Amino acid sequence: MSIVPTGVPGLDQMLNGGFPKSRVVLVVGGPGAGKTIIGAQFLYKGITEYDENGIYISLDENKEHFQSEMRKFGWDFKKVEEEEKFAFIDATTMSRVAALREKVYGEISTLRGKQLPIDKLVEQLDEKIKQIDAKRVVLDTLATLFHRFPDPIERRIAVIDLIESLSELKITTIVTTELNRRGLDRTVSVEEYMIHGVIMMQTLFSEGVTSRALQVEKMRETKINPNLVPYTIDKDGIEVFPEVTLFERR
Ligand SMILES: Nc1ncnc2c1ncn2[C@@H]1O[C@H](COP(=O)(O)OP(=O)(O)O)[C@@H](O)[C@H]1O
Ligand SMILES: [Mg+2]
């Protein structure tokens with residue numbers, strides 16, 4: 001099995017080299033955990049250090065915003081897009097149009113993917129993959145989909161549909177999602193059989209000190225470091241410290 005280096009210092013060590021190639025990995029974290037940054041880092045380092053082109057599918061922010069935010073880390077997504085090494089798929093309007101239609105017509109469909117046309121999205125992705133010969137994909141974030149599909153059954157169908165389609169593309173993929181107060185959204189954990197690995201990003205508060213902590217919850221076919229370890233976000237992006245264990249395992 002081939003290994004794909006993530007481009008996140010320290011994380012590859014925890015994963016015995018990186019992600020398994022052509023699989024879907026879920027990155028879970030609350031708002032501000034660094035999900036967008038880790039996804040962008042995976043793509044940018046992929047392009048600039050590992051010669052693997054990438055595609056970012058955004059469900060909640062537009063291209064200009066993404067590009068200007070990521071420039072702060074020295075990642076010039078505009079340039080790599082011009083070089084046809086990167087593509088940005090703006091799926092925010094897709095979901096907005098569907099939301100509007102629903103509002104105007106009171107149309108709530110039980111059909112697969114109608115509220116976010118998942119088949120169209122996947123079709124567009126497939127086209128882009130071929131066009132730029134992409135090897136990496138990031139979908140950020142599933143959490144948006146949860147707001148779009150308030151009905152848990154419809155939501156589950158949409159999530160299955162999307163993740164199944166992504167895994168069929170045989171591209172190394174990160175899908176991000178949010179952690180709610182009760183922990184991992186059950187909708188996603190139910191679908192975990194289609195997901196190859198899960199990485200948790202958390203913010204811990206203890207005695208007035210805030211620390212960021214990451215854990216590789218699972219990664220099939222990989223010998224992982226299962227410890228909860230610290231990570232930082234600074235001007236170079238995300239770094240993980242696998243040697244530092246926050247809690248001893250019992
Ligand atoms: N240069 C920086 N130095 C330190 N922290 C930063 C920097 N830039 C952004 N952050 C932190 O990154 C977080 C936002 O990351 P982001 O990937 O957008 O989160 P998410 O997508 O999970 O909501 C915020 O908590 C912010 O404080
Ligand atoms: Mg984000």
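Miscellaneous remarks
- Considered as a group, the residues in the stretch 75-91 that are in a helix (DSSP H, G or I) and in contact with a Phe, Trp or Tyr (Cβ under 8 Å, 6 or more places away or on another chain) include one that is surrounded by the fewest Cβ atoms within 10 Å (Cβ to Cβ), and that residue is Glu81.
- Of the residues making up the stretch 226-238, none is under 17 Å from the mean Cα position of the chain (by Cα), without any contact (Cβ under 8 Å) to a residue 40 or more places away in the chain and within 26 Å of Tyr44 (Cα to Cα).
- Contact map, the stretch 10-38: residues that are free of Cβ contacts under 8 Å to residues at least 60 places away in the same chain paired with residues that are of a type in the set (D, E, K, R), Cβ distance under 8 Å, separation 6+ or inter-chain. Pairs shown: Gly18/Asp12.
- Of all residues in the stretch 51-74, those satisfying the criterion of being in contact (Cβ under 8 Å) with a residue 12 or more places away in the chain and either aliphatic (A, V, I, L, M) or exposed (fewer than 15 other Cβ atoms within 10 Å of the Cβ) (or both) are Ile55, Ile57, Leu59, Asn62, Met70, Lys72, Gly74.
Residues checked against (1) of a type in the set (A, V, I, L, M, F, W, C); (2) at pLDDT 95 or above; (3) under 18 Å from Ser58 (Cβ atoms):
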position: Glu81; (1), (2), (3): no, yes, yes
position: Phe86; (1), (2), (3): yes, yes, yes
position: Ser95; (1), (2), (3): no, no, yes
position: Arg101; (1), (2), (3): no, no, no
position: Ser109; (1), (2), (3): no, no, no
position: Gln115; (1), (2), (3): no, no, yes
position: Asp119; (1), (2), (3): no, no, no
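- Matching residues, the stretch 156-175, being over 14 Å from Tyr193 (Cα atoms) and either of a type in the set (Phe, Trp, Tyr) or in contact with a Gly (Cβ under 7 Å, 6 or more places away or on another chain) (or both): Ala158, Ile174
Conditions (1) among the β-branched types (Val, Ile, Thr); (2) more than 16 Å from ligand 2 (Cβ to nearest atom), marked per residue:
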{"residue": "Thr6", "(1), (2)": "yes, yes"}
{"residue": "Pro20", "(1), (2)": "no, yes"}
{"residue": "Gly30", "(1), (2)": "no, no"}
{"residue": "Lys35", "(1), (2)": "no, no"}
{"residue": "Ile38", "(1), (2)": "yes, no"}
{"residue": "Asp51", "(1), (2)": "no, yes"}
{"residue": "Asn62", "(1), (2)": "no, no"}
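- Every residue from the stretch 227-241 that is in a loop (DSSP other than H, G, I, E, B) and under 21 Å from Thr176 (Cβ atoms): Leu228, Asp236
- Checking each residue in the stretch 120-150 for being away from ligand 1 (no atom under 16 Å from the Cβ) and without any contact (Cβ under 8 Å) to a residue 12 or more places away in the chain picks out Glu123, Glu127, Lys130, Pro150.
- For the stretch 125-151, the tally of residues that are assigned to a helix (DSSP H, G or I), buried (at least 17 other Cβ atoms within 10 Å of the Cβ) and either modelled with pLDDT under 95 or of a type in the set (Gly, Ala, Ser) (or both) stands at 6.
The values are calculated or read from the model by the stated rules, or taken from the named source; none is laboratory data. Every value quoted in this text rests on a predicted model; they were computed, and no experiment measured them. Methodologically, a virtual Cβ is constructed for each residue, glycine included, from the backbone with ideal geometry; neighbour enumeration extends over all protein chains shown.
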